[in-house]
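See structure below.
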Amino acid sequence: RPASLTLANRTAARAAELCNTFQGLAAAVGLGAIRLNACDFASLAGGEYDLVINATSASLSNEAPKLPAGLYGPESLAYDMVYGKGRTPFMQQAASQGAARASDGLGMLVEQAAESFLLWRGVRPDTSRILFQMRTAG
């Protein structure tokens, strides 16, 4: 139950549009009191965040999003929805700027697949084993 959620985009107008879209959803799932903020990437400067999620396509092009420095506190998590071999550019950027932890989206992909398998087959796979095998495969 975060006190606030900041949606940042290359343009503040698109971020505001996303906030308007998701405010109703937040209320529907019992998070109606959450404060949604909208801004462009540059306006994140001066803020420190517990969790920074990269939902851009930058890592697909082997780039990091153009975020200002200083976003991460001593316990911050940087989460990149993109995954691949090794640390993504976003994860590298976050670690170099003080993020305590950085993770990619492989776990999310595997967990979503497991939930789907449970719905279809009535069995939930052991995701820790699957993740281990995927991470260690050549």
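The values are calculated or read from the model by the stated rules, or taken from the named source; none is laboratory data. Predicted model, so just to flag it, every value in this text is computed and none were measured. All Cβ positions, even for glycine, are placed from backbone atoms using ideal geometry, and neighbour counts span all protein chains on display. These area figures cover heavy atoms from the full protein model, side chains too; ligands, DNA and RNA do not enter into them. Shrake-Rupley method; radii C 1.70, N 1.55, O 1.52, S 1.80 Å.
Data table
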item: Rounded percent of accessible protein surface that carbon and sulfur make up, segment 72-138, 1.4 Å probe; result: 60
item: The chain: angle of helix 12-28 to the longest principal axis, Cα-based, in degrees nearest 10; result: 60
item: Neighbour net charge for A114 - beta-carbon separation under 15 angstrom, K R +1, D E -1; result: 0
item: Largest to smallest accessible area among I130, I53 [probe 1.4 Å]; result: I53, I130
item: Other-chain or far-sequence residues with amide H under 5 Å of N9's (modelled H); result: A15, C39, D40, F41
item: Accessible carbon and sulfur surface of segment 19-59 relative to its total accessible area, %, 1.4 Å; result: 55
item: L118/E75 FRET efficiency (R0 41 Å; Cβ-Cβ; nearest 0.05); result: 0.80
item: A13-K66 FRET efficiency (beta carbon distance; Förster radius 22 Å; 0.05 resolution); result: 0.80
item: Amide H within-cut-off set for N54, under 5 Å, with H built and near neighbours excluded; result: Y79, D80, M81
item: On Cα atoms only, tilt of 106-121 relative to the major axis of the chain in degrees; result: 60
item: M81 accessible area, 1.4 Å probe, all protein chains in place, Å² to nearest 10; result: 80
item: Estimated FRET transfer efficiency (A95, S128; beta-carbon r; R0 25 Å; 0.05); result: 0.60
item: Mean accessible surface per residue for the chain, computed with a 1.4 Å probe while every protein chain stays in place, in Å²; result: 64
item: Under Karplus coefficients 6.51, -1.76 and 1.60, residue-wise ³J(HN,Hα) of segment 52-62 in Hz, glycine/proline x; result: 10, 10, 8, 10, 8, 8, 3, 5, 5, 9, 6
item: In degrees, nearest ten, helix 127-136 long axis to first principal axis of the chain (Cα); result: 90
item: Dipole moment magnitude, nearest 20 debye, the chain about Cα centre, only Lys, Arg, Asp, Glu C-beta charged; result: 220
